[in-house]
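Quick notes on the structure that follows.
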Amino acid sequence: MSEQDIENEIQRKGLNAPRLKPANIDAVIASETYHVFPGTTLTICCLTLLNGFTVTGESAAASPENFDEEVGRRIARENARNKIWQLEGYLLRQRLYQCVPPEVIARACHEVNRAYCEALGDHSQPSWEDAPAWQRESARMGVDLHMMGDFGPEASHISWMKQKVDDGWVYGPEKNPEKKEHPCLVPFDQLPREQQAKDFIFRAVVHALK
């Protein structure tokens, strides 16, 4: 079974206790680099995580005639990425041992953000109980991210942007769910100050409650 097949099976069976998901693993990857050693088929992938930690993966062809650099890079990356599951699995187990449930923190973050939006004149945000599943899931993923380490507020925006882009959203001057356009799909330093504040507040709430 592929990773997505397993995820679909878990969702189908309603196994909703705190757990890692493929998107959680991808969200902590900040950058990737590759190196093929001259004269060999050995390919190294180095994944740098948001907190600066690095993991590596390797691949090599038994028969040089079969070596394909693109395939080698893909295998090496997957081997490196698999190591993140182990690291994040340990961190999640530790959080469950000593922390406030992530669901509770996600709800608090959502309600604080809703109050902040109302202070700005935006009354479109629903309560946690009335929020659509995708919005609650986005908040939970944001909580998971900040509970994994001491990331800056920009990390929330990077994770949020990735979720939106993966779901087909693009930049637009106004938020339009039907067209999947959003004005905040820009780098963190290009956001208006009041939008950056949301990520500062979100991070502060998570760290205060974890």
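The values are calculated or read from the model by the stated rules, or taken from the named source; none is laboratory data. Here the structure is a predicted model, which means the values were calculated and not measured. Cβ: placed from backbone, ideal geometry, glycine included. Neighbour counts: every protein chain shown. When the accessible area is computed, the model is the full protein with side chains, heavy atoms only, and any ligands, DNA or RNA have been set aside. Shrake-Rupley method; radii C 1.70, N 1.55, O 1.52, S 1.80 Å.
In the chain, the longest principal axis of the Cα atoms and the axis of helix 193-209 are about 80 degrees apart. Axis angle, to the nearest 10 degrees, between helix 3-12 and the longest C-alpha principal axis of the chain: 40 degrees. Kindly flag which residue pairs out of Lys175/Lys210; Lys83/Lys175; Lys21/Lys210 have an alpha-carbon separation exceeding 29 Å in this structure. Table pairs above 29 Å Cα-Cα are Lys175/Lys210; Lys83/Lys175. PRE reach from Phe53 (point 7 Å along Cα→Cβ): which of the stretch 114-152 fall under 20 Å by backbone N? Hits in the stretch 114-152 for Phe53 at 20 Å: 141-152. Counting every pair of alpha carbons in the chain, the share spaced more than 30 Å apart comes to 31 percent. Each Lys and Arg adds +1 at its Cβ and each Asp and Glu adds -1 at its Cβ; summed about the Cα centre, the stretch 1-73 shows a dipole of about 460 debye. Over all pairs of different C-alpha atoms in the stretch 118-205, the reciprocal of the mean inverse distance, the Kirkwood hydrodynamic radius, equals 13.8 Å. Considering only protein heavy atoms and a 1.4 Å probe, what is the carbon-and-sulfur percentage of the accessible area of the chain? Answer for the chain is 54 percent, counting heavy atoms of protein chains only.
For Lys180, the aspartates and glutamates whose Cα comes closer than 17 Å to its Cα, not counting residues fewer than 8 places off in the same chain, are Asp166, Asp167.
Averaging the sequence gap over all C-alpha pairs within less than 8 Å and six or more residues apart, then dividing by the number of residues, gives the chain a relative contact order of 16 percent. With the simple spin-label model, which puts each label point 7 Å out from Cα in the Cβ direction, the Arg193 to Asn176 separation comes to 3.0 nm. Note that the stretch 28-110 shows a convex hull volume over its alpha carbon atoms of 107 Å³ per residue. With everything on Cα atoms, drop me the angle between helix 102-119 and the longest principal axis of the chain, reported from 0 to 90° to the nearest 10. With both axes taken from Cα atoms, the answer is about 50 degrees. Ranking Gly52, Gln86, Gln98 by how far each Cα lies toward the positive end of the dipole of the stretch 32-119 (charges on Cβ) leaves Gln98 at the top.
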